[in-house]
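Take this structure first; my questions come after.
The values are calculated or read from the model by the stated rules, or taken from the named source; none is laboratory data. None of the values given here were measured: they were computed from a predicted structure. In this analysis, Cβ positions are derived from the backbone assuming ideal geometry, glycine residues included, and neighbour counts consider all displayed protein chains.
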Amino acid sequence: MKYNRTPMTKLIFPLLVATSLIVSCGDKQNDQTVDQLIAAKNNKELQARKVVIQADLAKIDAALATLNVRKEEALVSVLTLKDTVFNHYLDIQGSVNTKENILIQPEMPGTLIALNVKAGQRVSKGQLLARVDDGGSSQQVASLETQYQLAKTTFERQKNLWSQKIGSEIQYLQAQTQMLSLQRSVAQAKAMLSKTEIRAPFSGTIDEVFVEKGQVVSASPQGLMRIVNLNNMYVSTSVPESYIGKLKVGTQVDVFLTSLNKNYKGKVRQIGNFINPNNRSFGIEVSIPNPENLLRPNQVAKLKVIDYTVKNAIVVPSNVIQEDGKGNQFVFVASNSNGKTATAKKAMVTTGKSSDNVTEIISGLSANDIIVIEGVNTISEGMKLNF
């Protein structure tokens, strides 16, 4: 098939081809120019290009906001705002501890001649746990006590005689000195003998016994046994120095034990007075109850410490807060509400702190406002809402 080209056709066709070539070359040139700017690290020109692009994007957002107002209806869920107490938490990790968790060590080396407890046994403070061979100390104590009783009797007789002006004063003083010297010797010998007895320093549970009766024992890193009291538990952790003044003794703390999947209510019982120069933090201790005896030393705990409280706050779910092209934050409010219908309206807001998936609203909303909490991504300003 043949086409007859008119003079106009002959003119237009080359122009179209030329225009296409020019546009193609222009686009390629623009791409090459940007690449050249990047390769040349021309920061000034790149910044200028960025400003132009951002300005165009802002115009596009504004135009879309005006042109794309949908008048159709949407089914949403709403929430009526009320004044509430808002708490912000510091989330940190700590370790469960107890002050009464120690290894029992013998005060004197020797053969363990008695072992009166086993693992898991409850003991009381002062209860005899074990005994080490005294090496003849008990006989020495008995001998010294006999000598002391004789010296005491002698002194009392000399005292009676001296009160009657019978005998000499030197005899009276010698008898007194002899008695007092033996009294001190008996006390020292008994103190040494008591070191062969191993007693419970506090009430608790024998967690583990590391020795057996008849074994030669001495002070060692392993010790004889471990005793633990689980009635006075606490969590220790470190807090950034920026929180100095925000935490006080008695501050309530939520404690979550990951291994138990349980929450406990604790209170700050001690605040450190020293800032660690390595991590700029200070230590705190949080006391926690242990009614079920489930807490153990060295368990991992997650703490939520209240560091900010507002009694009459307006809070919204954090996921309903949106942002426009200029970085302004807003939520959708059900305006002109009439029973189960309303109109979507943007409410620009200023936000505060966020905690537990809710955010404090500083300005832009008030009590009794109705906000959209479900379906916010499917609506636009002016749309009719059903709820």
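Does residue 246 fit the bill of being surrounded by fewer than 17 Cβ atoms within 10 Å (Cβ to Cβ), touching an Asp or Glu at 6+ places or on another chain (Cβ under 8 Å) and closer than 27 Å to residue 87 by Cβ?
Values: surrounded by fewer than 17 Cβ atoms within 10 Å (Cβ to Cβ): yes; touching an Asp or Glu at 6+ places or on another chain (Cβ under 8 Å): yes; closer than 27 Å to residue 87 by Cβ: yes.
Considered against the rule, which asks whether it is surrounded by fewer than 17 Cβ atoms within 10 Å (Cβ to Cβ), touching an Asp or Glu at 6+ places or on another chain (Cβ under 8 Å) and closer than 27 Å to residue 87 by Cβ, residue 246 comes out as yes.
For region 237-251, name all the residues that are assigned to a strand (DSSP E or B) and polar (S, T, N, Q).
Pass one, region 237-251, residues assigned to a strand (DSSP E or B): 237-240.
Residues satisfying the conditions are 237, 238.
Conditions (1) closer than 30 Å to residue 210 by Cα; (2) touching a helix residue (DSSP H, G or I) at 6+ places or on another chain (Cβ under 6 Å), marked per residue:
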position	(1), (2)
85	no, no
115	yes, no
121	yes, no
124	yes, no
135	yes, no
152	no, yes
163	no, no
176	no, yes
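Looking at this structure, is residue 175 surrounded by 15 or more Cβ atoms within 10 Å (Cβ to Cβ) and more than 44 Å from the chain's Cα centre (by Cα)? Working first, answer last.
Working: surrounded by 15 or more Cβ atoms within 10 Å (Cβ to Cβ): yes; more than 44 Å from the chain's Cα centre (by Cα): yes.
Criteria met by residue 175.
Just one of the numbered conditions (1) touching a helix residue (DSSP H, G or I) at 6+ places or on another chain (Cβ under 9 Å); (2) buried (at least 16 other Cβ atoms within 10 Å of the Cβ); (3) in a loop (DSSP other than H, G, I, E, B) is not true of residue 90; which one?
(3)
Assuming residue 128 fulfils every condition listed in (1) within 37 Å of the chain's Cα centre (by Cα); (2) under 23 Å from residue 202 (Cα atoms) apart from one, which condition is it?
Here residue 128 clears every test but (1).
Is there a residue being under 41 Å from the mean Cα position of the chain (by Cα), modelled with pLDDT under 90 and surrounded by fewer than 18 Cβ atoms within 10 Å (Cβ to Cβ) anywhere in region 97-104? Write out each step before concluding.
Taking region 97-104 and keeping what is under 41 Å from the mean Cα position of the chain (by Cα), we get 97-104.
With modelled with pLDDT under 90 added as a condition, the list becomes 99.
Add one more test, that the residue is surrounded by fewer than 18 Cβ atoms within 10 Å (Cβ to Cβ), and what stays is 99.
Yes, some residue in region 97-104 is under 41 Å from the mean Cα position of the chain (by Cα), modelled with pLDDT under 90 and surrounded by fewer than 18 Cβ atoms within 10 Å (Cβ to Cβ).
Sort out which residues of region 348-387 are of a type in the set (Lys, Arg) and over 21 Å from residue 88 (Cβ atoms), and write them in order of number. Working first, answer last.
Step one: of region 348-387, the residues of a type in the set (Lys, Arg) are 353, 384.
Matches in region 348-387: 384 only.
Continuing with this model, one more query. Give the residue that is surrounded by the most Cβ atoms within 10 Å (Cβ to Cβ), with candidates limited to residues of region 286-310 that are modelled with pLDDT under 90, within 30 Å of residue 358 (Cα to Cα) and not hydrophobic (A, V, I, L, M, F, W, C).
307
If the requirement is being assigned to a strand (DSSP E or B) and in contact with a helix residue (DSSP H, G or I) (Cβ under 7 Å, 6 or more places away or on another chain), which of these qualifies: 254, 307?
307
Residues being more than 19 Å from residue 292 (Cβ to Cβ) and part of a loop (DSSP other than H, G, I, E, B): count how many of those fall in region 257-281.
Number satisfying all stated conditions: 8.
Check off (1) of a type in the set (S, T, N, Q); (2) buried (at least 16 other Cβ atoms within 10 Å of the Cβ); (3) touching a residue at least 40 places away in the same chain (Cβ under 8 Å) for residue 154 and give me the number that stays unchecked.
Answer for residue 154: the failing condition is (3).
Within region 195-206, can one find any residue that is over 30 Å from residue 97 (Cβ atoms) and either surrounded by fewer than 14 Cβ atoms within 10 Å (Cβ to Cβ) or not assigned by TED's automatic domain parsing to the domain that holds residue 293 (or both)?
Taking region 195-206 and keeping what is over 30 Å from residue 97 (Cβ atoms), we get 196.
Okay, now just the ones that are also either surrounded by fewer than 14 Cβ atoms within 10 Å (Cβ to Cβ) or not assigned by TED's automatic domain parsing to the domain that holds residue 293 (or both), so 196.
Checked region 195-206: at least one residue is over 30 Å from residue 97 (Cβ atoms) and either surrounded by fewer than 14 Cβ atoms within 10 Å (Cβ to Cβ) or not assigned by TED's automatic domain parsing to the domain that holds residue 293 (or both).
Residue by residue, here is whether (1) at positive phi; (2) not in a loop (DSSP other than H, G, I, E, B); (3) not hydroxyl-bearing (Ser, Thr, Tyr) holds:
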residue	(1), (2), (3)
142	no, yes, yes
148	no, yes, no
155	no, yes, yes
166	no, no, yes
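Confirm whether residue 173 is without any contact (Cβ under 8 Å) to a residue 12 or more places away in the chain and among the aliphatic types (A, V, I, L, M). Step through it out loud before you land on a result.
Details: without any contact (Cβ under 8 Å) to a residue 12 or more places away in the chain: yes; among the aliphatic types (A, V, I, L, M): yes.
So residue 173 passes the test.
In addition: Please identify the pairs in which a residue from region 359-387 that is buried (at least 19 other Cβ atoms within 10 Å of the Cβ) has its Cβ atom under 7 Å from the Cβ atom of a residue that is in a helix (DSSP H, G or I) and of a type in the set (A, V, I, L, M, F, W, C), counting only partners at least 6 apart or on another chain.
371/320; 372/320; 376/320
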